[in-house]
Amino acid sequence: MNPKYSKIIELAQALYQNDFELRTQHFSFIYLKKRLISVGRNSAKTNPTNLFNPRRGNDGVTITDKGTCSELAACLKLKNLTNIRTDRCDLFNVRIDKNNKIAMSAPCPSCSSLLRYFKFKGVYYTNEGARFERY
């Protein structure tokens, strides 16, 4: 495995917390070249921005439970930085399940539209085999 990818997984495992509100934890890392510039973690709390980008399931139906996806959290933090061109940035998603294992972390349909809006250079996510795939 690429050393950069293993560092990202190690970082996600270091940030993992036993949180009884969340079944799994997703982490999104935004890199500009080799520099980490933003980290997002999913949350049981909602964000006012969710009103403009409601979460949708794979069937297209709006999900009514509250929460914020890690991609949105990372993009909101990135927005506070100035002069960062997202077309030069890569976003990496890592999901850690309740058994502390790496799991599938492909973006949901709502986050997919958010990521298309930001036009990241590359979007990568972990698969069931704890390897990164390009989205």
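Values in this text are rule-based calculations from the coordinates and carry no lab data. Quick caveat, the model's predicted, so the values are computed rather than measured. Backbone-built Cβ (ideal geometry, glycine too); neighbour counts: all protein chains shown.
Quick one: give the max-minus-min coordinate of the C-alpha atoms of segment 76-120 along each principal axis, largest first, in Å.
Projected onto the principal axes, the Cα atoms of segment 76-120 cover 39, 20, 16 Å.
For the pair Arg131 and Asn100, how long in nm is the line joining their label points, each one 7 Å along Cα→Cβ?
Result: 2.6 nm between the two label points.
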